[in-house]
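Asks: I'd like to ask some things about the structure below.
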Amino acid sequence: MATVPASEGFARVSQALAAAGHAHAPRWLEVAARTAQEAAEVLGVTVGQIAKSVIFRRRADDTAVLVVTSGDRRVDEARVAALTGPLGRADADFVKSRTGFSIGGVAPLAHASPPLTLIDRELFRFAEIWAAAGHPNGVFRLSPDELVRLTGAPVADVVVAA
């Protein structure tokens, strides 16, 4: 495990996981894993086991909408919009201001402002998944059920049909 440099996002996620009694502390990787493919390669798991965070901007009120899905799936924006209302693009500044995390390190919890979160059902194909821990070098291990417990988010079908 690499030496952890000062990272506000990583520290925030670490604290939130500890406060929730999560059994697995976040890991700091030697290299950044900004994509699901990169994370899977570094961790030695399948791309589907990477719980990627995709942020949208809800047009009605500028609320951040977070979709957590398997790294091997593509979010179907129309399916998400059917549950949340019309969506717009979330640029890097929007993501950083709403979540407190930079793109490539958006965790499913410990956000600066709580987003509207949806968890894709496809994650339940796996007993163990890995999510970003507030920085491109940070990850943590959990199960899909733990993801639901930690976020309080509903599970939905929000990806492009395979």
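Asks: Taking the range 113-140 only, how many residues are at pLDDT 95 or above, surrounded by fewer than 19 Cβ atoms within 10 Å (Cβ to Cβ) and not aromatic (Phe, Trp, Tyr)?
Replies: 5
Asks: Related question: Being of a type in the set (Asp, Glu) and farther than 21 Å from ALA39 by Cα is the filter here, so list the residues in the range 83-121 that pass it.
Replies: The first filter runs over the range 83-121 and keeps only residues of a type in the set (Asp, Glu), leaving 91, 93, 120.
Result: ASP91, ASP93.
Asks: List pairs: first residue in the range 73-84 and in contact (Cβ under 8 Å) with a residue 40 or more places away in the chain, second residue in a strand (DSSP E or B) and acidic (Asp, Glu) anywhere in the structure, Cβ distance under 9 angstrom, at least six positions apart or on different chains.
Replies: Correct list of pairs: ARG73/ASP120; VAL75/ASP120.
Asks: Turning to a different aspect of this structure: Would you point out the residue of the range 85-109, among those that are small (Gly, Ala, Ser) and either without any contact (Cβ under 8 Å) to a residue 12 or more places away in the chain or more than 29 Å from VAL31 (Cα to Cα) (or both), that is surrounded by the fewest Cβ atoms within 10 Å (Cβ to Cβ)?
Replies: ALA92
Asks: Something else: If I ask for residues that are hydrophobic (A, V, I, L, M, F, W, C), within 21 Å of VAL158 (Cβ to Cβ) and modelled with pLDDT under 95, which ones from the range 33-63 would you list?
Replies: ALA36, ALA39, listed by residue number.
Asks: If I filter the range 14-32 for residues that are modelled with pLDDT of 95 or more, in contact with a strand residue (DSSP E or B) (Cβ under 7 Å, 6 or more places away or on another chain) and buried (at least 21 other Cβ atoms within 10 Å of the Cβ), do I get at least one hit?
Replies: Yes, some residue in the range 14-32 is modelled with pLDDT of 95 or more, in contact with a strand residue (DSSP E or B) (Cβ under 7 Å, 6 or more places away or on another chain) and buried (at least 21 other Cβ atoms within 10 Å of the Cβ).
Asks: Quick check, is ASP61 under 21 Å from PHE10 (Cα atoms), free of Cβ contacts under 8 Å to residues at least 12 places away in the same chain and surrounded by fewer than 16 Cβ atoms within 10 Å (Cβ to Cβ)? Break it down into steps so the answer makes sense when it comes.
Replies: Numbers: under 21 Å from PHE10 (Cα atoms): no; free of Cβ contacts under 8 Å to residues at least 12 places away in the same chain: yes; surrounded by fewer than 16 Cβ atoms within 10 Å (Cβ to Cβ): yes.
Spelling it out, it is not the case that ASP61 is under 21 Å from PHE10 (Cα atoms), free of Cβ contacts under 8 Å to residues at least 12 places away in the same chain and surrounded by fewer than 16 Cβ atoms within 10 Å (Cβ to Cβ).
The values are calculated or read from the model by the stated rules, or taken from the named source; none is laboratory data. Just so it is clear, the model here is predicted, and its values are computed rather than measured. Positions of Cβ are backbone-derived with ideal geometry, glycine not excepted, and every protein chain shown enters the neighbour counts.
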